[in-house]
Amino acid sequence: METNIIVGLGEVLWDVLPEGKKLGGAPSNFAYHTRQFGYNSVAVSAVGKDKLGDETLAALDEKGLRYVMPRTPYPTGTVQVTLDDNGIPTYDIKENVAWDNIPFTPEIEELARNCRAVCFGSLAQRNIVSRTTICKFLDTMPDGGGRLKIFDINLRQNFYTKEVLREALLRCNVLKINDEELVLIGRMFDYPGLDMSNKCWLILGKYNLDMLVLTCGVNGSYVFTPGKVSFQETPRVDVADTVGAGDSFTAAFCSGVLAGMDVADAHRLAVETSAYVCTQSGAMPVIPDYILNKVKG
């Protein structure tokens, strides 16, 4: 019986960038990077019975990433990505695609029973089919034992509701959110007049979270845990693009915590990893050994 599996659960898609298409989707990025840190990682999603579906599985095979991706009668997901002058992406995310329709198969159920950490988002819950699968996965996965259920909110376009976000917050024990999303959540959940820090403390307590990770772009990042907060500045680097940088942050942080690092050290590792990914094009660059060895060592 396999145990200690790490799962990235949700969308797999092709980011169609100005220079061509690259495989992306937060869950696959997360699984790919945790695998680089030495974990038994699996990307869970769905692809179409189409050429892009074939290309998706071939690309994951090439990267050496395990996956469970049923073929569905829906097209494989694509996202049109436009970069501004600073390399900041905007996304046009195609709807009613394969990853909107992830079935809860016996194989996925088995992964959930043996899962040590999972990362999931809000985007893949825009459709009832995948939302049901994600909720079943989280409810099947055992609690306790240092397991991490990481809700990496990704508020894209209009693909989220208050109810979906609340249900996800109730099922996770780690929340990752950025400063812009925190403002939106504050409005949506009616937390008026609170500053950023107080909003984080309120959410941490209200949903009984073990950790809340807040990223603020160039203004640094924070990890709130009951009674304590870690802050790290964002390193200045030559940015190629920021696609996938947040996913590499989450993956490195998760890898560090599971390896027994304290929160501040895992946070430092996450910042260093995501800064490196920003210097590379695309979401799945190879992370250099001098970073990886901080966990593997």
Check your understanding: What pairs can you find where one residue is in region 130-142 and open to solvent by 30 Å² or more (accessible area, probe 1.4 Å), the other is outside any helix (DSSP H, G or I) and at pLDDT below 95, and their Cβ atoms are less than 6 Å apart, with a gap of 6+ or different chains?
Key -> none
Practice item. Quick one: in region 53-84, of everything that is assigned to a helix (DSSP H, G or I) and open to solvent by 40 Å² or more (accessible area, probe 1.4 Å), which residue is farthest from N29 (Cα to Cα)? Key: D54
Check your understanding: Quick one: S45 ticks every box in (1) open to solvent by 40 Å² or more (accessible area, probe 1.4 Å); (2) modelled with pLDDT of 95 or more; (3) hydroxyl-bearing (S, T, Y) bar one, so which box is it?
Key -> (1)
Practice item. Would you point out the residue of region 87-108, among those that are loosely packed, with under 14 Cβ neighbours inside 10 Å and among the acidic types (D, E), that is modelled with the highest pLDDT? Key: E107
Point to revise | Qualifying residue in region 203-220 (condition: in a loop (DSSP other than H, G, I, E, B), open to solvent by 60 Å² or more (accessible area, probe 1.4 Å), among the aliphatic types (A, V, I, L, M) and under 30 Å from E19 (Cβ atoms)) | key: no
Check your understanding: Does region 221-243 hold any residues that are of a type in the set (S, T, Y), in a strand (DSSP E or B) and out of contact with any Leu (no Cβ under 6 Å at 6 or more places or on another chain), and which are they?
Key -> S221, T225, S230
**Study point:** Enumeration of residues in region 244-271 that are part of a loop (DSSP other than H, G, I, E, B), open to solvent by 40 Å² or more (accessible area, probe 1.4 Å) and farther than 12 Å from F37 by Cα
**Key:** G260, M261, D262
Review point. Looking only at region 272-297, which residues are hydroxyl-bearing (S, T, Y), part of a loop (DSSP other than H, G, I, E, B) and modelled with pLDDT of 90 or more?
Key: T279
Revision key, fill the gap. Selection from region 1-49 of residues touching a Lys or Arg at 6+ places or on another chain (Cβ under 9 Å) and among the charged types (D, E, K, R) yields D15, R35, K49
**Study point:** Residues (open to solvent by 10 Å² or more (accessible area, probe 1.4 Å) and small (G, A, S)) located in region 276-290
**Key:** S281
Practice item. Hey, could you check region 20-62 for residues that are farther than 26 Å from L292 by Cα and of a type in the set (D, E, K, R) and say which is nearest to the chain's Cα centre (by Cα)? Key: K21
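The values are calculated or read from the model by the stated rules, or taken from the named source; none is laboratory data. For clarity, every value in this text was computed on a predicted model and none was experimentally measured. As a convention, Cβ positions derive from the backbone with ideal geometry for all residues, glycine included, and neighbour counts pool all protein chains shown. Just the protein is used for accessible areas: all its heavy atoms, side chains included, with ligands, DNA and RNA removed. Shrake-Rupley method; radii C 1.70, N 1.55, O 1.52, S 1.80 Å.
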